[in-house]
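A quick write-up on the structure given underneath.
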Amino acid sequence: MQIKCNVLDRQFQMHQNEYEEAALRVLRSGWYVLGSEVGKFEEEFAAYTGRKYCVGLNSGLDALIMSVRALGIGEGDEVIVQANTYIATVLGITENKAVPVFIEPDGYYNMDAEQIEQAITSKTKAIMVTHLYGQASNMNQIAEIARKHHLELIEDCAQSHGACFGGRITGSFGISGCFSFYPTKNLGAFGDAGAVVTDDRDFAERIRMMRNYGSRIRYYNEIEGLNSRLDEMQAALLRVKLKYIDALNAQRRELAAVYDGGIQNKKIILPMVRDGADSIWHQYVIRCKERDNLQRFLAENDIQTQIHYPIPPHLAECYQRLGHKEGEFPLTEQYAREVLSIPIYTGMTDEEQQYVITKLNEF
Ligand SMILES: *Cc1c(COP(=O)(O)O)cnc(C)c1O
């Protein structure tokens, strides 16, 4: 049996007729960028995240870059960010010439809230928190620190559509919730797409101008903008998937529970979920001291796995200029050596999952 990390057409097939209808509606409409589908998706996604405003964008990375910029954070400013995150989170900071200040993770692979305060300086402007692998970060504590020190709070929700902390949905804690709808995300489009959600009217308005060349009225450019428009096709298709996101997430929760109960191998550390948090299981990430051997063994048995992420941003080639050294963030570096994401996706069959479990236990 061959098991892939992700089989994207399974979720398409679940609601194929609706997707095809939506796509045809857009093709026949004669309007393809920033139109009524985008407007309706923005309303619906704002409602889903419990926020007043949503601005549809081109990607999750743009949501991060534009959020930092719209808050006026730039050269010389510091932004606190977890060391174990996807490079995009950090690019959101450095694309604005601000400086990322890295924090080690906790046992849930999220930012260790205990270490934030000692990293705050007179230059700190914001905390950028990633709800990694689908699990909400410790938002009570992080939001409280942000409030106490008058720091902006930006959430990278690219992996956490619908995940909650203390019953409150991620993306609703900070001034800005940044989402990616890249096809492999839990709420995935059929191409690139992203969004920012917020309750702040001015902030939403700045993002809205910025995504379309800095103009509210065409050719009247108030600020130096970008082109980060969401297209009608992706918005229409996302509107279909948004109706089912809770069911899709529930299915991943069931798959995660089966892994939790089924994987019994002393060499493998299973993921944990913090009290008060929940996870939408964007990834199911195990850890193993012999990770590379395990990955090879699984590959020999036709099971595809991924490493999220093999090189932490502070050691990435592109950030040599920041001058970080190996050993500076030992926990992050250990995770990078040991983590392995095993297949978990919508439509994964019981038979497929049992095969993965059998091989993991055999190792
Ligand atoms: C996917 C992802 C992004 C970037 O989203 P894109 O839409 O690919 O630009 C940012 N942060 C995290 C944590 C991600 O997983």
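Tell me, S59, S215 in order of fewest to most beta-carbon neighbours within 10 Å?
Values: S59 21, S215 15.
Going from least to most buried by this count: S215, S59.
E338: net charge of surrounding residues, Cβ under 13 Å, Lys/Arg +1, Asp/Glu -1, itself excluded?
Numbers: positive: K267, R287, K289, R291, R337; negative: E290, D292, E333.
Local net charge: +2.
Would you mind computing, in nm to one decimal, how far apart the modelled labels at D275 and Q334 are, each placed 7 Å from Cα along Cα→Cβ?
The two pseudo-label positions are separated by 2.3 nm.
Using the Karplus curve 6.51 cos²θ - 1.76 cosθ + 1.60 with θ = phi - 60°, what ³J(HN,Hα) values do you get for each residue of the stretch 163-177, in whole Hz, with x for Gly and Pro?
6, 10, 10, x, x, 9, 6, 5, x, 10, 8, x, 5, 9, x
Give the peptides 249-262, 95-108 in descending order of average Cβ contacts within 10 Å, highest first. Walk me through the numbers on the way to the answer.
On the way: 249-262: 16.4, 95-108: 18.9.
So the peptides 249-262, 95-108, ranked by packing, come out 95-108, 249-262.
Note the per residue figure in Å³ for the convex hull of the C-alpha positions in the stretch 286-343.
79
Amide H of V33 versus every other amide H placed in the peptide plane: which residues, excluding those fewer than 5 positions away on the same chain, fall under 5 Å?
The answer is E232.
So which lysines pass the test for K359, namely a Cα distance under 16 Å, with those fewer than 8 places away in the same chain ruled out?
K4, K266, K267
How large is ³J(HN,Hα), in whole Hz, for each residue of the stretch 102-113 in order, when computed from phi with the Karplus curve 6.51 cos²θ - 1.76 cosθ + 1.60 and θ = phi - 60°, using x for Gly and Pro?
The phi angles translate into 7, 10, 5, x, 9, x, 10, 6, 9, 4, 7, 4 Hz.
Please tell me which of these pairs span more than 27 angstrom C-alpha to C-alpha: K52/K185; K40/K185; K52/K125; K97/K289; K125/K325; K52/K97?
Pairs exceeding the cut-off: K97/K289; K52/K97.
Indicate the gyration tensor shape class of the stretch 207-350 (rounded, prolate or oblate), computed on the Cα atoms with a ≥ b ≥ c the square roots of the eigenvalues: a/c under 1.5 is rounded; otherwise a/b larger than b/c is prolate and the rest oblate. Kindly include the intermediate steps, with their values, before the conclusion.
Details: a/c = 2.63, a/b = 1.42, b/c = 1.85.
Cα axes put the stretch 207-350 in the oblate bin.
Going by a ≥ b ≥ c, the root eigenvalues of the Cα gyration tensor, does the stretch 37-196 fall in the rounded group (a/c under 1.5), the prolate group (a/b larger than b/c) or the oblate group?
The shape class here is prolate.
State whether the chain is rounded, prolate or oblate according to the following rule on the C-alpha gyration tensor (a ≥ b ≥ c being the square roots of its eigenvalues): a/c under 1.5 gives rounded; otherwise a/b larger than b/c gives prolate, and the remaining case gives oblate.
Details: a/c = 1.89, a/b = 1.15, b/c = 1.64.
Judged from the Cα gyration tensor, the chain comes out oblate (a/c at least 1.5, b/c at or above a/b).
What is the fewest-to-most order of H150, H15, H324 by other Cβ atoms lying within 10 Å of their Cβ?
H150, H15, H324
Where in the stretch 277-298 does the amide nitrogen come within less than 20 Å of the point 7 Å from the Cα of N265, taken along Cα to Cβ?
Inside the label zone: 283-298.
Which of the aspartates and glutamates could be linked to K148 by a straight reach, that is with a Cα gap under 16 Å, when you skip same-chain ones fewer than 8 residues away?
Filter leaves E114, E117.
Quick check on the exposure proxy: order C5, C288, C318 from fewest to most C-beta atoms within 10 angstrom.
C318, C5, C288
The numbers here are math on the coordinates, done by the rules we state, and not lab data. Keep in mind that what you see is a predicted model, and the values were worked out from it rather than measured. Because the Cβ atoms are built from the backbone with ideal geometry, glycine has one as well, and the counts that use them run over all protein chains shown.
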